[in-house]
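For reference, the structure discussed in these notes is given below.
Rule-based calculations on the coordinates, nothing more; no lab input. Values in this document were obtained by computation on a predicted structure and should not be read as measured data. Every residue, glycine as well, gets a Cβ built from its backbone with ideal geometry; the counts of neighbours run over all protein chains shown.
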Amino acid sequence: MSDSQPETIRDASGRGLFAISPHLILPETQGRFSVYLRQDGKLVLYAARGETFTIAHRERLSAMGVRQIWIESEDRADFDAYLRKNIGRILSDETIPEAERAEAWFEVSTDLAQEIFVSHLPRSVSIKRFAKIESLLRESAGFFRTPEALRELSRLLSKGFKLFHHGLGVMILTASVLDASPEVGPEVAAAASLGALLHDIGLTRLPQALTEKNPQQRTPEEEALFRGHPTLGVAACSALPLAPETLHAILFHHEREDGSGYPTGLAGRDIPLHVKVVALCNVYDGLIRPAPWRPAFSPYEALSAIKSDRRGFDLELLRRLILVLANAKIT
């Protein structure tokens, strides 16, 4: 389960239930959970476990003005599985409010990302988890293109401070900037976006105290260890059938335009454009999140800091990032 916390209640018997939007129950689908309505302070069974949801279900709920339906807490895992299975339909259904689609995406994506970054910390990322993430990316591509969706997703992700929240934030920004980059094809953009999500997976192999330490206070030995995380990230994903562009994003996301980055010191045209986008979005998203040694920057402050360090970044790509943020009214 992700860090999002839906409204929960307990009935007279002490049974726990959580609320969801009725829009998330799709016609011609079945859930391994029962659905309840709250009427006059009491819970009433609306659809039994395994019952096929229909258009009539949705229309009745709409006619009744129902804004929340309820599912038993013990069925949370089954609802999460239902959400993952149907996320593509939810994201493409424009009758569902943008904010609710964004919340559904946030729920599914944070669950999957947390499995990779936090829950198990595997020696290598499993192919099964990779396939789920890859499928989510394919189903999300069109949704990211709308400024309203980007604004809602940024709002949700800004509340998280875990490594996987950062990975998701960089992924969304990368996908958005690459969508505004006609010289990059959709396959390369998708592969780079996956790399953006996984770019810091190598940090899970380092001591947490090191990853949370102020960079200005690291010893030379600690700095050398930290700078090895891109290589560790590639090693963690060694069993996966990754595209070269995905591996590039993981390995080179700390390279800089002026050649002062790591691990290889690539510069200028030697850095692939999709990697430059990941590197730029990585810095921006890192700045707008709080760190143990400083508060979060505002979007304006983050962009100003990047502009002041312009030798490290491609200025045309910075312009595109600013345009993406401006269109989404992220300030």
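Values as computed for the structure displayed
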item: For the stretch 277-286, Karplus couplings with θ = phi - 60° (6.51, -1.76, 1.60), whole Hz, Gly/Pro x; result: 5, 4, 4, 5, 5, 4, 5, 4, 5, x
item: Most mobile listed residue (S193, S176, S34) in the chain, GNM with C-alpha springs under 10 Å; result: S34
item: Euclidean distance between Cα centres, the stretch 104-180 to the stretch 202-266, Å; result: 20 Å
item: Cβ-defined net charge surrounding A47, 15 Å radius [Lys, Arg +1; Asp, Glu -1]; result: -1
item: Residue order, fewest to most beta carbons within 10 Å, for D285, D111; result: D111, D285
item: Angle between the chain longest axis and helix 76-92 axis [Cα atoms, degrees, rounded to 10]; result: 70 degrees
item: Principal-axis tilt of helix 147-157 within the chain, Cα atoms, nearest 10 degrees; result: 90 degrees
item: The stretch 210-308: trypsin sites (Lys or Arg not before Pro) in DSSP coil with no more than 16 other Cβ atoms inside 10 Å; result: R218, R227
item: Residues W105, W293, sorted so that the one with the fewest Cβ neighbours within 10 Å comes first; result: W293, W105
item: Amide H partners (placed H, <5 Å) of T29, local residues excluded; result: F53
item: Angle between the chain longest axis and helix 186-198 axis [Cα atoms, degrees, rounded to 10]; result: 90 degrees
item: Nearest-20 debye value, the stretch 1-79 charge dipole, Cβ charges on Lys, Arg, Asp, Glu; result: 180 debye
item: Full-stretch length increase - T219, E7 - with 0.36 nm per residue and alpha-carbon distance subtracted; result: 71.8 nm
item: Summed side-chain charge close to F297 - residues other than F297 whose Cβ falls under 14 Å, Lys, Arg +1, Asp, Glu -1; result: 0
item: For the chain, size of Cβ-based charge dipole, Lys and Arg +1, Asp and Glu -1, in debye; result: 320 debye
item: Neighbour-count ranking [beta-carbon atoms within 10 angstrom, fewest first] of E134, E28, E103; result: E28, E134, E103
item: Spherically averaged projected area of the chain from its Cα convex hull (nm²); result: 18.1 nm²
item: Choice from S260, S21, S308 with maximal GNM fluctuation in the chain (Cα, 10 Å cutoff); result: S308
item: For the stretch 42-94 versus the stretch 11-31, the gap between their alpha-carbon centres in whole angstrom; result: 5 Å
item: Unsatisfied cross-links (Cα-Cα over 29 Å) in the set K128/K213; K128/K162; K162/K276; result: K128/K213
item: Residue of I172, I87, I96 that the Gaussian network model of the chain assigns the largest fluctuation, springs spanning Cα pairs under 10 Å; result: I96
item: Within-10-Å neighbourhood charge of F18 [Cβ basis; K, R +1; D, E -1]; result: -2
